[in-house]
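Worksheet: one structure, shown below.
The values are calculated or read from the model by the stated rules, or taken from the named source; none is laboratory data. As the structure is a computational prediction, the values presented were derived from the model and not from experiment. Glycine also receives a Cβ, built like all others from the backbone with ideal geometry; neighbour counts cover every protein chain displayed.
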Amino acid sequence: MALVRCRECDRRISDRASSCPGCGCPVTESGPSHVVVEQTGRGLKGRYLAWSSIALFGVACILVTYLLRDSGLGVGPLDPGETRTLIGLIGFLGVMIGGVGMLWTKVEIWWRHG
């Protein structure tokens with residue numbers, strides 16, 4: 001609780017009072033007296049960036065799957081079809097998990113800031 005000066009009689013009154021007890025002048029003006037700035041913590045921003053990176057990695061895997069569709073390249077003991085399927089599955093899971101994580105983080109940011 002802070003003390004402010006009445007604009008009519010210059011008496012010191014509480015900033016929570018609706019009017020001055022001495023002269024009856026309203027304390028609050030038509031506009032807000034102070035502005036509240038909401039800040040999102042670094043932890044939430046970092047988490048959103050991590051989920052975005054996972055989703056972007058998934059998109060890159062899906063793009064690689066598309067580019068390998070006609071090539072005969074395989075990884076290790078896998079034939080080309082299995083390689084494409086594996087990379088595509090990793091990409092799909094990355095996009096889905098990253099997207100859900102991004103959405104969850106956005107909801108958490110909204111929840112904290114009302």
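Right, S52: among the small types (G, A, S), farther than 29 Å from G99 by Cβ and either modelled with pLDDT of 85 or more or surrounded by 11 or more Cβ atoms within 10 Å (Cβ to Cβ) (or both) or not?
Considered against the rule, which asks whether it is among the small types (G, A, S), farther than 29 Å from G99 by Cβ and either modelled with pLDDT of 85 or more or surrounded by 11 or more Cβ atoms within 10 Å (Cβ to Cβ) (or both), S52 comes out as no.
Please give the number of the condition I62 fails out of (1) at pLDDT 80 or above; (2) more than 26 Å from the chain's Cα centre (by Cα); (3) more than 30 Å from W111 (Cα to Cα).
Condition (2) is where I62 drops out.
If L73 passes every condition in (1) of a type in the set (A, V, I, L, M, F, W, C); (2) part of a helix (DSSP H, G or I); (3) modelled with pLDDT under 85 but one, which one does it miss?
With respect to (1) of a type in the set (A, V, I, L, M, F, W, C); (2) part of a helix (DSSP H, G or I); (3) modelled with pLDDT under 85, L73 is out only on (2).
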